[in-house]
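The structure appears right after this line, and notes come after that.
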Amino acid sequence: MNFEQIKAFHKVALTGSFTKAAGELFVTQPAVSQEIKTLETFLGTRLFHRSGKTVQLTAEGEILFSYTHRLFSLHEEMESLFSRSKNLQYGQIKIGSTALMGTYFLPEMIGRFNRKYPRIEIDLQMGNSSQIMQLVLEGLVDLGFSGMITHHARLDCILIHQERLVMVASSRHALPSRKISLEDLSEVPFIWREKGTQTRKLVGKWFYKQFRSRYPRKSIELQSMEAAKRMVEEGFGITVIPETAVKREISAGLLRRLPLEELNVFNSYYLISLKGKRLARAAEAFEKVVANTPLLSFSENLRTTLEREASRNP
């Protein structure tokens, strides 16, 4: 039993005629008759009652037709789905993102993408840099937005943004507003981000370089950037955080940036995908939105990459 036999059977059952079925299949009537004969021999039963020009399904033919009807309905549904997907009228993108990108940059990109492609669903998963890289490696997300904790041979990573890290304290904190020194921080509690974040890794290296093992003497670790800001607002210690994440709080007078000249550290954020994996059209369209986002300091890196790939695959 092959697909041509199934197709011939289905057309005869629908039209009630070998001649009409042959016309719709663009083959000869004897060719259709031969396909049906071969199918009946394979199944060991008659599928049609033939009486002159009249063709009717046997009981066994009715059973087979119930299956072919479902088969060709699914076939039409599949063709329609892929046609709509090709034209970006249907589809889904799975995105993984760290807190900064997911909170302060992706909402604008997703909003712009949704206005252009309102029928594409977007699934956004949040995590730290280590978790996002793992989601991409396992194929659980199409695109990842995160820092680079370690380089991985199976990942394609394009730098799209750099963010200055700033040290902040409550506006009510006793630390002086003038230029401060490292000595001013010696007894101040510090709020860490959790292990696996790019911020934790970079700040840990900076502290070791400046203090060796002498600081922080008292600290607390939080998994949420927003929780860290709230803790500092309430007067518990200080933290180091991406500048974009505290602009609103500094403007509102809830936090203040500590003028520490020695702190000159930047987080780098990358668009990450699985090397060699062909992205769906919806994910490719989202990449183009990212490449044209003025909020990102290095979006031209992605534009250049996409243009180079387009020239290779016209």
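The values are calculated or read from the model by the stated rules, or taken from the named source; none is laboratory data. None of the values given here were measured: they were computed from a predicted structure. Neighbour counts are summed over all protein chains in view; Cβ atoms, including those assigned to glycine, are modelled from backbone coordinates with ideal geometry. Areas reflect the complete protein model, heavy atoms only, side chains present, ligands, DNA and RNA absent. Shrake-Rupley method; radii C 1.70, N 1.55, O 1.52, S 1.80 Å.
Among residues of the range 51-64 that are open to solvent by 70 Å² or more (accessible area, probe 1.4 Å), none has a beta-carbon under 6 Å from a residue that is among the basic types (Lys, Arg) at least six positions away or on a different chain. A residue that is open to solvent by 30 Å² or more (accessible area, probe 1.4 Å), within 30 Å of LYS275 (Cα to Cα), without any contact (Cβ under 8 Å) to a residue 12 or more places away in the chain and not in a strand (DSSP E or B) occurs somewhere in the range 205-228. Please go through the range 109-133 and give me each residue that is part of a helix (DSSP H, G or I) and either over 15 Å from the mean Cα position of the chain (by Cα) or free of Cβ contacts under 8 Å to residues at least 60 places away in the same chain (or both), ordered by number. Within the range 109-133, ILE110, GLY111, ARG112, ASN114, ARG115, LYS116, SER130 meet the criteria. Checked against (1) open to solvent by less than 70 Å² (accessible area, probe 1.4 Å); (2) in contact with a Phe, Trp or Tyr (Cβ under 9 Å, 6 or more places away or on another chain); (3) polar (S, T, N, Q), THR103 passes all but a single condition, namely (2).
So, GLU4, is that one open to solvent by 40 Å² or more (accessible area, probe 1.4 Å) and either touching a Lys or Arg at 6+ places or on another chain (Cβ under 6 Å) or assigned to a helix (DSSP H, G or I) (or both) or not? Quick ask: steps written out before the conclusion?
Working: open to solvent by 40 Å² or more (accessible area, probe 1.4 Å): yes; either touching a Lys or Arg at 6+ places or on another chain (Cβ under 6 Å) or assigned to a helix (DSSP H, G or I) (or both): yes.
So GLU4 passes the test.
Scanning the range 164-199 for residues that are buried (at least 19 other Cβ atoms within 10 Å of the Cβ) and assigned to a helix (DSSP H, G or I), we see that the one that is modelled with the lowest pLDDT is LEU185. Restricting the first member to the range 233-257 and to residues that are under 18 Å from ILE180 (Cα atoms), and the second to residues that are of a type in the set (D, E, K, R) and open to solvent by less than 40 Å² (accessible area, probe 1.4 Å), the beta-carbon pairs closer than 6 Å and six or more apart or on different chains are LEU255/GLU249.
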